[in-house]
Amino acid sequence: MGIKPILFKKSKSINIELQNSIHIIDSYLGNNKFEFLNLSINFKEIDWNYANHGKLWTYNLNYFDFLSQKNEQEKLKLIKSFVENSPKIKYGLEPFPISLRGINWIKYLSYHKIKNQKIDDSLYAQYYILLDNVEYHLLGNHLLENGFSLLFGAYYFQDDVLYQKSKEILLEQLDEQILNDGGHFELSPMYHQIMLFRLLDTINLVKNNDWKQKELLVFLKIKAKLMLGWLERISYKNGDIPLFNDSSNDIAPRTEQLINYSICLGLTTEQIELKESGYRKIEDENYELVVDVGHVGASYIPGHAHADTFNFELRVDGRPFIVDTGLSTYETCKRRDFERSTKAHNTVEVNGKNQSEVWGGFRVANRANVIHLKRSDDVIEATHDGYSPILHTRRWSFKGDKIVIEDKFNGSYNGVARLYFHPSIDKDEIRRRVKIKNFEWSIKDYFYALGFNSLSKSNFLEVKFKKKLNI
């Protein structure tokens with residue numbers, strides 16, 4: 001039997017100064033009603049362990065992101081409810097929700113100049129639970145979230161032990177996780193936005209408080225400028241992100257919000273070209289195209305990766321046209337398997353197999369490697385070995401008012417290419433805009449993920465070919 005954690009630790013907090021941050025989405029609807037991931041529940045008495053909507057929903061309940069909503073009614077009562085119920089709370093005392101909740105509580109208490117000894121003692125104890133359970137076993141964004149939050153706890157409680165651990169994590173992990181082109185190494189535009197949001201909040205903290213002589217500020221700003229440059233480059237003109245890998249709408253702050261927040265913090269953006277992250281973007285007067293010609297990432301923790309090498313998204317006249325099928329669940333199920341599969345992406349499938357072996361919800365075994373890549377003003381060409389000994393080469397050529405996609409194998413093999421269209425695109429528009437000569441092709445139905453637990457019927461094009469295909 002495990003040792004029960006200490007839930008209250010004698011503390012002394014200080015008033016910390018913070019500029020206004022970002023509010024993402026209203027998830028608390030008042031009178032104990034919550035909505036996360038497009039699923040809602042109205043509690044008579046809040047069950048902080050409520051699990052009927054899945055663990056991610058329970059996590060969201062315990063994050064307390066709703067504290068940033070403008071409506072102040074009941075928020076302090078919700079914090080007190082968590083504190084009173086803490087002996088019975090399970091998932092909410094895991095290190096990841098502690099990390100997010102800690103930042104949210106400190107921001108809320110600081111903005112409103114609230115001093116409550118019982119809340120502080122609970123929060124201080126939670127930070128020591130986190131300190132004893134830093135997520136080195138998961139790494140990636142989890143470990144970064146631990147580091148960001150420990151820094152907030154260190155400042156709020158003026159605690160050197162928390163500070164040294166957070167400093168160690170942030171210096172090491174930001175160097176590890178932020179690529180030279182500014183992308184986050186898990187290669188999900190959504191997680192990039194989340195990590196940048198947390199980084200900007202951390203800059204806000206260090207910039208506006210003199211403790212530790214602001215020693216981390218220059219380092220944090222350098223990383224933030226790189227991340228801002230990457231995000232500006234990969235985002236569409238209207239601020240949307242391509243939904244590559246595990247990405248969904250209405251989870252992270254939007255690009256415009258992050259840029260505006262960075263300006264308020266006095267940051268400027270680095271102008272970068274997409275390179276190490278494996279993405280490339282082509283912009284024309286009438287279209288925006290983003291392609292994935294990179295390796296599966298991150299190499300040692302590819303939990304958010306999909307089997308989607310040479311996937312792409314295309315916007316025409318500012319409208320989504322060819323799209324990633326999106327993300328609707330983290331539950332281990334057939335839908336999760338589909339959303340991560342090669343079959344669910346705008347690329348080529350061979351022998352009904354995935355290019356990279358995705359399994360178990362967040363696992364990848366053997367994976368495709370890009371072994372050739374060439375880029376010029378009017379061509380992107382790459383080859384991957386995911387079907388070895390079969391090699392798949394895709395070439396995008398940009399010719400004025402059209403994009404030509406050529407797929408070929410290094411032998412006489414059979415393949416299936418698919419293009420997934422946004423729900424706003426009907427079959428007539430597909431037939432009008434897409435031209436395929438000398439091959440039979442069909443338009444079929446699929447369900448596009450509008451967000452978590454939200455699907456919309458749409459169309460995809462499927463064409464079977466041998467050795468070579470031109471679209």
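The values are calculated or read from the model by the stated rules, or taken from the named source; none is laboratory data. Values in this document were obtained by computation on a predicted structure and should not be read as measured data. Here Cβ is always computed from backbone atoms with ideal geometry, including for glycine, and neighbour counts include all displayed protein chains. Note: areas computed on protein heavy atoms with side chains; ligands, DNA, RNA excluded. Shrake-Rupley method; radii C 1.70, N 1.55, O 1.52, S 1.80 Å.
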- Message: Can you report the number of residues in the range 259-297 which are farther than 17 Å from I403 by Cβ and aromatic (F, W, Y)?
- Response: 1
- Message: Any residue at all in the range 148-159 that's assigned to a loop (DSSP other than H, G, I, E, B), of a type in the set (S, T, N, Q) and touching a helix residue (DSSP H, G or I) at 6+ places or on another chain (Cβ under 7 Å)?
- Response: yes
- Query: Which of the residues spanning the range 242-256 are surrounded by fewer than 21 Cβ atoms within 10 Å (Cβ to Cβ) and over 9 Å from the mean Cα position of the chain (by Cα)?
  - Reply: N249, D250, P253, R254, E256
- Message: Give me the residue from the range 204-224 that is among the β-branched types (V, I, T) and over 12 Å from E17 (Cα atoms) and, out of that set, surrounded by the fewest Cβ atoms within 10 Å (Cβ to Cβ).
- Response: V218
- Item | Test: G266 is farther than 16 Å from D378 by Cα and open to solvent by less than 50 Å² (accessible area, probe 1.4 Å) | no
- Task: Quick one: in the range 351-367, of everything that is surrounded by fewer than 20 Cβ atoms within 10 Å (Cβ to Cβ) and among the polar types (S, T, N, Q), which residue is nearest to the chain's Cα centre (by Cα)?
- Result: N366
- So, of the residues in the range 161-183 that are in contact with a Gly (Cβ under 9 Å, 6 or more places away or on another chain) and in contact (Cβ under 8 Å) with a residue 60 or more places away in the chain, which turns out to be nearest to L243 (Cα to Cα)? G183
- Message: I need the full set of residues from the range 54-103 which are among the polar types (S, T, N, Q) and surrounded by 20 or more Cβ atoms within 10 Å (Cβ to Cβ), in order please.
- Response: T58, N60, N62, S99
- Query: When you go through (1) open to solvent by 30 Å² or more (accessible area, probe 1.4 Å); (2) within 27 Å of L228 (Cα to Cα); (3) touching a Pro at 6+ places or on another chain (Cβ under 7 Å) one by one for N133, which number turns out not to apply?
  - Reply: (2)
- Condition met for I234 (in contact with a strand residue (DSSP E or B) (Cβ under 7 Å, 6 or more places away or on another chain) and without any contact (Cβ under 8 Å) to a residue 60 or more places away in the chain): yes
- Query: Looking only at residues in the range 376-401 that are within 20 Å of R319 (Cβ to Cβ) and modelled with pLDDT of 95 or more, which one is most open to solvent (accessible area, probe 1.4 Å)?
  - Reply: F398
- Query: In this structure, is S424 open to solvent by 10 Å² or more (accessible area, probe 1.4 Å), more than 21 Å from K281 (Cβ to Cβ) and either assigned to a strand (DSSP E or B) or touching a residue at least 60 places away in the same chain (Cβ under 8 Å) (or both)?
  - Reply: yes
- Filter the range 104-130 for residues that are open to solvent by 10 Å² or more (accessible area, probe 1.4 Å) and of a type in the set (A, V, I, L, M); the one that is modelled with the highest pLDDT is I129
- Unique residue being touching a Lys or Arg at 6+ places or on another chain (Cβ under 7 Å) and more than 20 Å from E276 (Cα to Cα) when the list is F148, F197: F148
- Message: For the range 9-28, which positions are of a type outside the set (S, T, N, Q) and either open to solvent by less than 90 Å² (accessible area, probe 1.4 Å) or free of Cβ contacts under 8 Å to residues at least 12 places away in the same chain (or both)?
- Response: K9, I14, I16, L18, I22, H23, I24, I25, Y28
- Only one of V434, V348, V370, V404 that is touching a residue at least 24 places away in the same chain (Cβ under 8 Å), surrounded by fewer than 14 Cβ atoms within 10 Å (Cβ to Cβ), of a type outside the set (D, E) and closer than 21 Å to V290 by Cβ: V404
- Taking only the range 298-322 into account, find how many residues are open to solvent by 10 Å² or more (accessible area, probe 1.4 Å), in contact (Cβ under 8 Å) with a residue 60 or more places away in the chain and in a loop (DSSP other than H, G, I, E, B). 6
- Message: Filter the range 308-319 down to the residues that are closer than 30 Å to E357 by Cβ and in contact with a Ser or Thr (Cβ under 7 Å, 6 or more places away or on another chain) and list them by number.
- Response: D308, T309, F310, N311
